[in-house]
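The values are calculated or read from the model by the stated rules, or taken from the named source; none is laboratory data. Computed from a predicted structure; not experimentally measured. When we count neighbours, we look across all protein chains shown, and the Cβ atoms used for this are built from the backbone with ideal geometry, even at glycine. Accessible surface is based on the protein model in full, side chains and every heavy atom, while ligands, DNA and RNA are left aside. Shrake-Rupley method; radii C 1.70, N 1.55, O 1.52, S 1.80 Å.
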Amino acid sequence: MIGESIPKKIWRVLYPALTFFAIYFIVIYVGMMFLASNGHAWTLDMAMNDNFALITCIALAITLFVEYIYYRSDFVVKETALIRKPVNIILLIVFGALLAHGLSLLISLLNIDGLLGNYSNVENEIFGASAVFVLIRVVILTPLAEELIFRGLTFNRLKNYTNFWVAAIISSALFGLYHMNLAQGVYAFLYGIVMCLIYDIFQNLWATILLHFAGNLLSVILQYTNLTYPVMWVYLLVMVITLGICVALFFKFFKKLKK
């Protein structure tokens, strides 16, 4: 990487995410053409059924394969064995779930959905499919693909060119922009910063994949159970407690691992 020009560095940082968008739109286009050729007329409702969900899962699976090739052919990333300890796995799952819920409550409190893009439209598209496709897409394929792109490749490459904080902020900002709506974007940016910190501690991509898996799984469960808080003080209390536990876990357990 020494002696690379600035445009080449920028391209090297961006092309993993651009690859995803290219694969996604090509697979969606081909899939829609295939459905149309078999008598399925295109309607807006098509984006909320199992046909479309299957196509997006195929796009994610292809992306996962291609990004993994990028990852393995990249500069050597030394992965530690810290992730193999059962206590660390449990703590990461608990941390990821609590962080996801706490940040979701915080973002909802800001009331920014609809300012730039609309998260409710994304929810309708994702959860309009059957539960099986939702689980495969949101809980399995999405964490694997997004962690390869934004932590395994984008963050690692940026850190190779700059330093931790510059790499964390830029990769998390790209992660936020990738979601294409303000509410999810702010959430993804904050979540991305934390995942960069966790990755820096564990030096293992499975750590952030576990975090991402736990957060997405809890979001799916809450979506299907339709959990609501009866009064605002309960809402605020849960938000403060979940985020407070995350801060305590990070400094009491995870930071010690780095030392």
For N111, placing the label point 7 angstrom along Cα-to-beta-carbon and taking segment 151-192, residues whose amide nitrogen sits under 20 Å are 182-187
Whole-Hz Karplus ³J(HN,Hα) for segment 186-202, in order, using 6.51 cos²θ - 1.76 cosθ + 1.60 and θ = phi - 60°, x for Gly and Pro? 5, 4, 5, 5, 5, 5, x, 4, 5, 5, 5, 5, 5, 4, 5, 6, 7
Longest exposed-loop-site-free stretch of the chain, with chymotrypsin sites (Phe, Trp or Tyr not before Pro), DSSP loop and at most 11 other Cβ within 10 Å? 76-259
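What does the extension gain come out to for I89 and I245, with contour length at 0.36 nm per residue minus their alpha carbon separation? Walk me through the intermediate numbers first.
Values: separation 156, 0.36 × 156 = 56.16 nm, distance 1.65 nm.
So the chain would gain 54.5 nm between I89 and I245.
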What's the extension gain from E79 to K8 if we count 0.36 nm per residue and subtract their Cα-Cα distance? 22.9 nm
Before I look further, what does segment 67-159 give for accessible area per residue, probe 1.4 Å, in whole square angstrom? 46 Å²
Of K8/K255; K9/K252; K159/K258, those spanning more than 27 Å from alpha-carbon to alpha-carbon: K8/K255; K9/K252
Sequence-distant aspartates and glutamates (8 or more away, or on other chains) whose Cα lies within less than 14 Å of K78: D200
Tell me, in nm to one decimal, what length is gained between V166 and N49 on full extension, where the rule is 0.36 nm per residue of separation less the Cα-Cα distance? 38.1 nm
Using a probe of 1.4 angstrom, how much of the accessible area of segment 181-250 is carbon and sulfur, in percent? 79 percent
Sulfur and carbon atoms: percent of accessible area, segment 59-136 [1.4 Å]: 67 percent
Accessible area (Å², per residue) of segment 170-259, counting only protein heavy atoms and a probe of 1.4 Å: 50 Å²
Using a 1.4 angstrom probe on the protein heavy atoms only, could you order K8, K255 from most to least accessible area? K8, K255
Choose one of I112, F127, I62: the residue whose Cα lies farthest towards the positive end of the charge dipole of segment 43-142 (beta-carbon charges +1 Lys, Arg; -1 Asp, Glu; about the Cα centre). I62
Please state the relative contact order of the chain as a whole percent: Cα pairs under 8 Å, 6+ residues apart? 28 percent
